[in-house]
1. For each of W198, W333, count neighbouring Cβ atoms within 10 Å of the residue's Cβ, then give the residues from fewest to most.
2. Rounded to the nearest 0.05, what FRET efficiency is calculated for R331 and A152 with R0 set to 35 Å and r the Cβ-Cβ distance?
3. Of the residues D177, D133, D17, which exhibits the maximal mean-square fluctuation in a Gaussian network model of the chain defined by a 10 Å Cα contact cut-off?
4. Return one number: the angle in degrees, 0 to 90 and rounded to the nearest 10, between the long axis of the Cα atoms of helix 117-156 and the longest principal axis of the Cα atoms of the chain.
5. Starting from segment 150-240, pick out the trypsin sites (Lys or Arg not before Pro) whose DSSP state is loop and whose Cβ has at most 14 other Cβ atoms within 10 Å.
6. On a full-extension model of 0.36 nm per residue, what is the gain between D137 and D354, subtracting their alpha-carbon distance, rounded to one decimal in nm?
7. For E80 and R28, calculate 0.36 nm times their separation in residues minus their Cα-Cα distance, and state this gained length in nm to one decimal.
8. Apply 1/(1 + (r/R0)^6) to the Cβ-Cβ distance of N294 and L363, taking R0 = 22 Å, and write down the FRET efficiency to the nearest 0.05.
Amino acid sequence: MNVNGHPYRTIWLKPGDERIVQVINQVRLPHIFEITDLASVEDACHAIRDMTVRGAGLIGASAAYGMYLASLEAPESGFEDALQCAGEALKATRPTAANLAWAVNRMLGAMGTGTSHSERRAIARREAIAIADEDADHCRRIGVHAMPLISAIALRKPRQAVNILTHCNAGWLAFVDVGSATAPIYAAHDAGIPVHVWVDETRPRNQGASLTAWELGQHGVPHTLIADNAGGHLMQHGLVDMVITGADRVTGNGDVANKIGTYLKALAAHDNRIPMYVALPSSTFDFGLRDGVNSIPIEERDGAELRYVAGVTEQGDIASVRICPQATPARNWGFDVTPARLITQLICERGICDATQDGILSLFPERR
Ligand code: MRU
């Protein structure tokens with residue numbers, strides 16, 4: 001997608017020095033657009049943990065490039081052990097998004113087919129690039145499949161914008177390009193269908209306010225920032241036509257782990273008979289799980305993320321301020337699980353299906 005008119009992805013190999021991986025530093029957005037170098041697997045782990053890179057798809061791609069960096073670092077003696085170790089370190093950075101372990105395992109499997117260290121390094125480079133390219137392609141295809149859902153609503157309300165509510169950032173910043181929840185929105189906007197997006201601020205890290213608002217603005221998509229708790233009120237007043245969110249892990253029966261607060265949006269959408277769609281590439285499925293609430297690991301992050309808010313002052317300085325009494329304790333769960341029964345349909349690169357075991361298997365028959 002474009003940033004100030006220039007096309008970018010969220011992760012790539014540094015031109016002229018392919019021992020370095022470059023990423024857009026998402027901790028600095030929307031105030032500063034900065035590229036960060038990752039030169040080691042330790043850098044990759046740190047970038048995932050501190051959310052320099054974030055979002056399920058990009059976490060997966062970053063882990064893949066992290067494994068490529070690990071292959072460059074690994075000593076000739078103990079090469080295999082070093083790769084296994086790097087894989088474990090990457091997997092331990094953040095627990096909820098399925099894409100992370102999926103990418104590490106895919107990299108290890110691919111490298112395992114090489115017969116020499118140099119061949120394994122070449123495979124690692126190729127496979128990381130392939131994972132990134134696939135991620136972008138899958139998101140694009142999600143847009144193609146889901147745009148008709150938006151155009152069908154547009155037909156029912158001529159000359160008015162289709163109002164779409166989204167939570168957190170499942171945009172191109174959360175993937176390698178295009179995004180999952182945003183793919184149909186960009187496709188509709190580019191096709192001339194009037195759309196307007198309600199952007200949940202998404203406390204405590206404010207990915208909606210900082211990232212979704214920024215990327216929609218860069219693409220010229222009309223949008224409005226709303227407080228996290230406003231969605232139900234807007235739905236009751238007919239101001240939301242559909243909800244589209246992303247996902248960090250989806251079970252084989254369609255339960256969805258996504259950014260904390262998604263469950264409440266789904267309840268409100270259900271109560272108001274508003275369709276609730278979840279867009280995800282296949283790398284986000286955890287086909288073996290059946291009970292999302294009791295089996296998906298939910299990341300708990302530092303309470304400081306709740307107690308402090310970062311922003312830019314009128315003078316242009318980035319600052320962090322505390323918003324509660326000094327001694328107030330805080331707990332900070334990063335995700336929640338929306339039961340499948342509250343989800344209208346899932347949108348994947350293979351098409352659209354019901355959020356049920358049968359629905360998912362109709363798109364992924366090889367998982368039967
Ligand atoms: O904590 P984050 O920012 O990595 O959370 C991920 C998300 O942005 C959302 O949960 C998103 O909807 C799914 S990621 C495509």
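Read-outs throughout are calculated quantities, based only on the coordinates presented, and are distinct from any laboratory measurement. These numbers come from a predicted model, not from an experiment. Using ideal geometry, Cβ is built from the backbone for each residue, glycine included, and neighbour counts are taken over all protein chains shown.
1. Exposure proxy ranking, most exposed first: W333, W198.
2. Computed FRET efficiency for R331 and A152 comes out at 0.25.
3. D17
4. Orientation of helix 117-156: about 10 degrees from the principal axis.
5. Hits after loop and neighbour filter: R159.
6. Values: separation 217, 0.36 × 217 = 78.12 nm, distance 2.22 nm.
Between D137 and D354, full extension yields 75.9 nm more.
7. The E80-R28 span can extend by a further 15.1 nm.
8. Once the sixth-power term is evaluated, E becomes 0.35.
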